[in-house]
1. May I ask you to list the residues in the range D:323-348 that are buried (at least 19 other Cβ atoms within 10 Å of the Cβ) and either outside the structural domain of D:Thr117 (by the TED database) or aliphatic (A, V, I, L, M) (or both)?
2. If E:Val260 meets every condition in (1) free of Cβ contacts under 8 Å to residues at least 24 places away in the same chain; (2) surrounded by fewer than 20 Cβ atoms within 10 Å (Cβ to Cβ) apart from one, which number is that one?
3. Take F:Leu321 and tell me if it is within 14 Å of chain C (Cβ to nearest Cβ), more than 16 Å from ligand 1 (Cβ to nearest atom) and within 13 Å of F:Ile198 (Cα to Cα).
4. Can you work out which of the residues in the range D:164-176 that are of a type outside the set (A, V, I, L, M) and over 20 Å from D:Gly101 (Cα atoms) is farthest from ligand 2 (Cβ to nearest atom)?
5. Please give the number of the condition E:Ala23 fails out of (1) part of a helix (DSSP H, G or I); (2) under 24 Å from the mean Cα position of the chain (by Cα); (3) small (Gly, Ala, Ser).
Amino acid sequence: MLLFVVHLSTSKHHKQVESKGIDAMSGLFEDGLGLMVLGMGFVFLFLVILIFATGYMSRLLNHFFPEVLPVVTARPVASAPDSSGVDAQLTAVITAAVHQHRNNKNS
Amino acid sequence: MLLFVVHLSTSKHHKQVESKGIDAMSGLFEDGLGLMVLGMGFVFLFLVILIFATGYMSRLLNHFFPEVLPVVTARPVASAPDSSGVDAQLTAVITAAVHQHRNNKNS
Amino acid sequence: MLLFVVHLSTSKHHKQVESKGIDAMSGLFEDGLGLMVLGMGFVFLFLVILIFATGYMSRLLNHFFPEVLPVVTARPVASAPDSSGVDAQLTAVITAAVHQHRNNKNS
Amino acid sequence: MENKLLNLYHDTGIYQLEFGQFAMICVGLLLVYLAIKKGFEPLLLLPIGIGAVLVNIPGAGFMAEPIYDAAGHMTSPGGLQYYIYHGGIETGLFPLIIFMGVGAMTDFGPMLANPKTLLLGAAAQFGIFATVIGAVLLGASGIMDFTLADAAAIGIIGGADGPTAIFVASRLAPDLLGAIAVAAYSYMALVPLIQPPIMRALTSKEERSIKMVQLRPVTKKEKIVFPIVVIILVAMFLPSAAPLLGMFCFGNLMRECGVVDRLSDTAQNALINIVTVFLGLGVGSKLSSEAFLNLETLGILSLGLIAFSIGTAAGILMAKLMNRFSTEAINPLIGAAGVSAVPMAARVANKVGLEANKQNFLLMHAMGPNVAGVIGSAVAAGVMLSYVGG
Amino acid sequence: MENKLLNLYHDTGIYQLEFGQFAMICVGLLLVYLAIKKGFEPLLLLPIGIGAVLVNIPGAGFMAEPIYDAAGHMTSPGGLQYYIYHGGIETGLFPLIIFMGVGAMTDFGPMLANPKTLLLGAAAQFGIFATVIGAVLLGASGIMDFTLADAAAIGIIGGADGPTAIFVASRLAPDLLGAIAVAAYSYMALVPLIQPPIMRALTSKEERSIKMVQLRPVTKKEKIVFPIVVIILVAMFLPSAAPLLGMFCFGNLMRECGVVDRLSDTAQNALINIVTVFLGLGVGSKLSSEAFLNLETLGILSLGLIAFSIGTAAGILMAKLMNRFSTEAINPLIGAAGVSAVPMAARVANKVGLEANKQNFLLMHAMGPNVAGVIGSAVAAGVMLSYVGG
Amino acid sequence: MENKLLNLYHDTGIYQLEFGQFAMICVGLLLVYLAIKKGFEPLLLLPIGIGAVLVNIPGAGFMAEPIYDAAGHMTSPGGLQYYIYHGGIETGLFPLIIFMGVGAMTDFGPMLANPKTLLLGAAAQFGIFATVIGAVLLGASGIMDFTLADAAAIGIIGGADGPTAIFVASRLAPDLLGAIAVAAYSYMALVPLIQPPIMRALTSKEERSIKMVQLRPVTKKEKIVFPIVVIILVAMFLPSAAPLLGMFCFGNLMRECGVVDRLSDTAQNALINIVTVFLGLGVGSKLSSEAFLNLETLGILSLGLIAFSIGTAAGILMAKLMNRFSTEAINPLIGAAGVSAVPMAARVANKVGLEANKQNFLLMHAMGPNVAGVIGSAVAAGVMLSYVGG
Ligand code: NA
Ligand code: NA
Ligand code: NA
């Protein structure tokens, strides 16, 4: 019995559209309005708290643990190992090419 | 009861080899022959349809959307991003090496 | 009934601490001691067998299939394909740079 | 033998195909076309489109349920999309893993440099709740068959965040999941078309030309601590948003902490790619003709467009308001980026700004509200799950 | 204490090992040897071999079923291979994911340049159905215990396509899965030994020396539209092949469309590698002594070899027939590549062609029938699933 | 409406948070801090810490069980950590996959060059069993509530091997899994602090200065055959260790055989990274206040420290003993590396050796006992599973 009730209440296929009276309709609208008011209120509340928390966090961190060298904003994390490898390689290549050039010149 | 039957019919361990009569044997052979005829027929049918469909597709596409530069057949997809990066780098390296060379020459 | 017993015996929440008598305590200690003796004994036994097996394996392999070139111990598996690609590229870059240099020299 | 031949014929799509399935295969192919030719969020719409095609092939059994005998042994295996949908989408696992990967790709630097922009990310969520009202009206008036849960799930399209939309829809309105996901990703792809007219209508050329002061550099420590602060606030104020924001912040922490780069790299690449392929196929499995070819889908698509437009407008108006009260000038265009749709919306703000003033680079300034919008819509999702579910 | 020592001894492999398990461990080690030393399809045969070793360790419980109490809580976890087999192979998920990855690795260019070669891919499937007849005869005559489903699953070895064989076997004859998979991959590895004598026997040196006209360039658009055409044809004519060909074409579309390179890259690398490891361990779990050490396995191995040989011959003969009627010359050797076994069979055709004429490079021409063979065997698999299952 | 507002308030963490949850969130944050700031095994402790935070957010439902109706349809999905824990940890899949990846990362070369060092890896496991006695004493004396299974699971911390500890604990003492995993990884991270004083106390400066003869080169063939030898020995002597050592050797074989580099690469990177993220979140899910905030945890942490210390001492003493009887000199410091904790313990041995003699590079010599310790603790785990479970 109980299981049947659970099934009914969760199943989308039994939505009782036909029995929807004016009460149900205005109830749905009221619920929607409540969701909007509560929702927007909560989103603003949360993000305003986050603004203060973030600002406070930044001030605390920069006060107690000041960093001399600021981090560059756009950090290419994923490509970091590759690019570093490439730099070393670049240097090696240039060195080799220049070396080659000098040898050629001497000969 | 029904479940027992289902179990029997799906279980490989109950294959009724012992009761296999001549009828069953020739039935099996007939089924195999049918599978061969139908199978080869269908494979050919499908691939012949595919030949026509492909040819038609190619003609339509090349008629309505002609491409000037044909794509090279063997495309190294996986290495594409790397190689493009490498090309840019190649250019940079050569530029740097040549630049270095000129500086050396001037000095 | 049986299921209940199974449940009891596997559930940590029904550990019968309160009824733990001196027998149970010394039983637990004895079990622990047994585990230690057996465990250390077995670990040594297994690894001693492994020493002999490994030594025997090495001698057999090096006797029947002697390798001329010993493998370098620290093998950089993951980076192998990349580095080989880089080598080819290095060569190409140097060739290009040197070529460029010669052209410049001639002009 | 003739019998078997007849069976084979009865198994063909030609014999079995119903009109609805045919229409949905066309819808799937349309999504594939939009993904490839028009570049509409191809990472998701291509798998969704193919998923829609596959699930509508009659007799292919992509959504077939597995059948077990009484002893629990499988007598007939389920279809690929059955396992994907029930294993990864119904459970919420795939959207959460994607969100972790998105977190690992997100740079909160511009937002931390100017936390006030979080307000823009809040304002733009008005699109979500206005749409809920729209859907509720359609439902209450009896035009369409929407419950409050449906309305909430439809509204989240306005959040312009794919995984959030899929996560919420899978919990509140699984039948509408296909339409909601398609609408969310389509409108995210259409941001460069939808937003500019609204942006031009609500701002003067002077406003669009406003230059903003350069952002202060943000330290590594701030970036590391920020996701932890968000997790703590979520735990305190909105636990129902914790699955989404918890995984998002976990991903971001992996990115910023600098000690687990290999995990961060995998979360941003192999893992998110694998899950994206399956998420797309799973969402596509909900594009059946019964669920998609009806009036409700039309309502969802229309409401989604309205949601995007209202969200954009709310963001711009909030930016104008803030500009009036703020000591530092704020270009109202960056308010439009508050809808999220990272990084498309920020690029659009930048582009429209450049039209008004060729020296005005708003990209970095717009990235702040842009990532704030992701947090904002996850918070909105949490409120909805708590309000409708509780 | 002595009791416990005795228990420990009773737990050892020395005490428990039965002869069948010992023999199967040796079979597993043989597969590992062939994979490493002889290069027999090592990506699959190494995991299969190790899987066979592990599942036959007495008391290690790699195939142990999990045990739950009445309340649904696990009292004893299952073994690794139990979860792999039942989660990934019985459900068909792993072969389908592999097939998606193979699709993402396949270039249909050479086939699109010369679609007639699809006929070669069709003809070579004769090996499959001839083998079915062979297995049926063995079954009908009472020599071996093969049903029609078994015969169909054995025949698919002749398709020379590993994932297709595993997919079909897991559905039609799970007990024979181990032997069928081992036969399929072993013969695919043996293509360079099996095919050349047949190729030389059926062709003259002049035929082998035939040069073919260079392939026309194929446009990007053709490559993009082709997988969609295949999906539509499959949907129309053979839905039972849709799981295999649908995933294959999905993978190929990801590869060719150019807008989801990161998904294509993952499908070709991380994802297919992960699934390959587990697929191998799961297939290995079916190499138990009861299922493998019997007369049927001998029959399967023999029939598989016959299937390969007949498929090769059928492809060559069809190429000779086509050469007679075609305006452009066709080298009969490329017909042998119609069995699939990509790209090994195409390389063999190239090599045998070079023996006859040192200037004759057939590789690209043989790639057409080669990939056509993949489609052909998936179509054959669909017919079998429909015929036997329906 | 007010009702809904009240609901929302009742859903907040502020309203629901219990002290235990608050404390465990702090423990989680402490682990995150140690991982990032102190570099304590961050790959595991960061996900574990975040997992502990998430699971303790009241009402977030990360460990919620899914609910099904009578027809088997899901009415409420489970939480992320529920699926991770029950799918990957309770089943043992995740630790085994990690162990395969660790195998693919391990070079047995130094050990094969000097197999005697396996004895050091055996001796260091004394820490495990001494700790078992300690836990049994605490349990037998009634101070703490430890059964034999609990004691065995706690002892394995002394094995200094994360996946082994998690695998054993998930089978013998799932309630203690959180504390055991945290202890194991924490002490592994603390090896550079815990070991040196013990090393200095047990050795003279002359002993620490002993130079060892250079290791002979090891051939590729030896490295390939070695994992197979280990699998065979495990199958013969200790099948209960086969899950752990079988997967470990499988990974190592993929690494060394040279024919499946793409599988080995994936096992070492994408796959192990994906599983590590989820393993961490899953282990974190066991850090609930009931399971962690009690006297037992204090006992586990203390016993773990003792286990590490005894293991280190036993390794050193065995090395001193071997040095007395061996023809080639053995530096006792490398005995300390026998606890495993690869490669940290070997580095510590090298560092302490360099302090005594600036020309004394012990790293390669210490790698032998180091990887031997991994085998040793897996063998110990097998004995425990057989003894306690059987
Ligand atoms: Na948003
Ligand atoms: Na084939
Ligand atoms: Na150890």
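The values are calculated or read from the model by the stated rules, or taken from the named source; none is laboratory data. Worth saying up front: this structure is predicted, and the values here are computed from it rather than measured. Please note: Cβ atoms are built from the backbone with ideal geometry, for glycine as well, and neighbour counts cover all protein chains shown.
1. Taking the range D:323-348 as the starting set, the residues that turn out to be buried (at least 19 other Cβ atoms within 10 Å of the Cβ) are D:330-342, D:344-348.
Within the range D:323-348, D:Ile330, D:Leu333, D:Ile334, D:Ala336, D:Ala337, D:Val339, D:Ala341, D:Val342, D:Met344, D:Ala345, D:Ala346, D:Val348 qualify.
2. Going through (1) free of Cβ contacts under 8 Å to residues at least 24 places away in the same chain; (2) surrounded by fewer than 20 Cβ atoms within 10 Å (Cβ to Cβ) one by one, E:Val260 breaks only (2).
3. On the way: within 14 Å of chain C (Cβ to nearest Cβ): yes; more than 16 Å from ligand 1 (Cβ to nearest atom): yes; within 13 Å of F:Ile198 (Cα to Cα): no.
In short, no.
4. Taking the range D:164-176 first, the residues of a type outside the set (A, V, I, L, M) are D:164, D:167, D:170-171, D:174-175.
Restricting the remaining residues to those that are over 20 Å from D:Gly101 (Cα atoms) gives D:171, D:174-175.
Values: D:Arg171: 44, D:Pro174: 40, D:Asp175: 41 Å.
Only one residue tops the list, namely D:Arg171.
5. All conditions pass for E:Ala23, except number (2).
Conditions (1) among the acidic types (Asp, Glu); (2) modelled with pLDDT of 90 or more; (3) within 16 Å of ligand 1 (Cβ to nearest atom); (4) not assigned by the TED database to the domain that holds D:Gly382, marked per residue:
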| residue | (1), (2), (3), (4) |
| --- | --- |
| D:Ala169 | no, yes, yes, no |
| D:Leu177 | no, yes, no, no |
| D:Leu193 | no, yes, no, no |
| D:Met212 | no, yes, no, no |
| D:Leu215 | no, no, no, no |
| D:Glu222 | yes, yes, no, no |
| D:Phe226 | no, yes, no, no |
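A quick yes/no check of all residues on (1) more than 11 Å from chain A (Cβ to nearest Cβ); (2) in contact with an Asp or Glu (Cβ under 8 Å, 6 or more places away or on another chain):
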| residue | (1), (2) |
| --- | --- |
| D:Ala140 | no, no |
| D:Met144 | no, yes |
| D:Leu172 | no, yes |
| D:Ala179 | yes, yes |
| D:Met188 | yes, yes |
| D:Val191 | yes, no |
| D:Thr203 | yes, no |
| D:Arg208 | yes, yes |
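Residues are listed down the side, and each one gets a yes or a no for (1) surrounded by 24 or more Cβ atoms within 10 Å (Cβ to Cβ); (2) over 24 Å from D:Asn294 (Cβ atoms); (3) within 16 Å of the chain's Cα centre (by Cα):
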{"site": "D:Ala113", "(1), (2), (3)": "no, yes, no"}
{"site": "D:Asp161", "(1), (2), (3)": "yes, yes, yes"}
{"site": "D:Ile166", "(1), (2), (3)": "yes, no, yes"}
{"site": "D:Leu172", "(1), (2), (3)": "yes, no, yes"}
